[in-house]
Amino acid sequence: MVRYDYNTPGWKDEVGNVYCIGYYRKQDGLDSLWLVDTDGKYCQTTDKDYLLKFFEILKLGDTTDYYGDNSPSISGITKIEPYSVLEEVPSKQS
């Protein structure tokens, strides 16, 4: 997050934070973007207009599985550069 304004005063203390963008549920649609914090929490939503206005895109993924039906869960983001998305390793079933 690189800025906030009078419409987003709650984001003032979050400027400088790094988020991964994820989709949570199909019923939310592709216009509802979830911000996933460094601890892997789906903490709040935004839309494309706010994403482009208030965030700097550091890296674009190449996923085509937008809802993660066949992808590992996001478990966080590294807290130092270069930032990397951490994926939750599924537990092995015995």
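Nothing in this text is a laboratory measurement; each read-out follows from the coordinates by a stated rule. Since we're looking at a predicted model, the values are computed, not measured. Neighbour counts are summed over all protein chains in view; Cβ atoms, including those assigned to glycine, are modelled from backbone coordinates with ideal geometry.
Please order C43, C20 by the number of other Cβ within 10 Å, starting at the fewest. Display every interim value, and only then the final one.
Numbers: C43 13, C20 21.
Sorted ascending by nearby Cβ count, the order is C43, C20.
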Item to check | Coil-residue trypsin sites (Lys or Arg not before Pro) of segment 1-80, DSSP, other Cβ within 10 Å capped at 10 | outcome: R25, K59, K79
Item to check | Evaluated at q = 0.13, 0.19 Å⁻¹: base-10 log I(q)/I(0), Debye formula over Cα of the chain | outcome: -0.47, -0.97
Checklist entry - How many nm is it between the label spots at I21 and Y6, if each spot is 7 Å from the Cα in line with the beta carbon? => result 2.7
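Considering only DSSP states other than H, G, I, E and B, which chymotrypsin sites (Phe, Trp or Tyr not before Pro) in segment 1-83 qualify as loop sites with at most 12 other Cβ atoms within 10 Å? Kindly include the intermediate steps, with their values, before the conclusion.
Numbers: sites: Y4, Y6, W11, Y19, Y23, Y24, W34, Y42, Y50, F54, F55, Y66, Y67, Y83; in loops: Y4, Y6, Y19, Y23, Y24, F55, Y66, Y67, Y83.
Passing both the DSSP loop test and the Cβ count: Y6, Y66.
Please state, to two decimals, what the Cα-based radius of gyration of segment 9-63 comes to when divided by 2.2 N^0.38 Å (N = residues). Before the final figure, lay out the partial values.
Values: Rg = 11.2 Å, N = 55, 2.2 N^0.38 = 10.1 Å.
Taking the Cα Rg and dividing by 2.2 N^0.38 Å, one obtains 1.11.
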Checklist entry - Calculated from DSSP H runs of 4 or more alone, at -39500 (n - 2.57) each and per residue, what is the 222 nm mean residue ellipticity of the chain, nearest 500? => result -2000 deg cm²/dmol
Item to check | Sites Y83 and D62 - FRET efficiency at Förster radius 22 Å, r taken between beta-carbons, to 0.05 | outcome: 0.85
Checklist entry - Expressed as a rounded percentage, what relative contact order does the chain have, with Cα pairs under 8 Å and six or more residues apart? => result 23
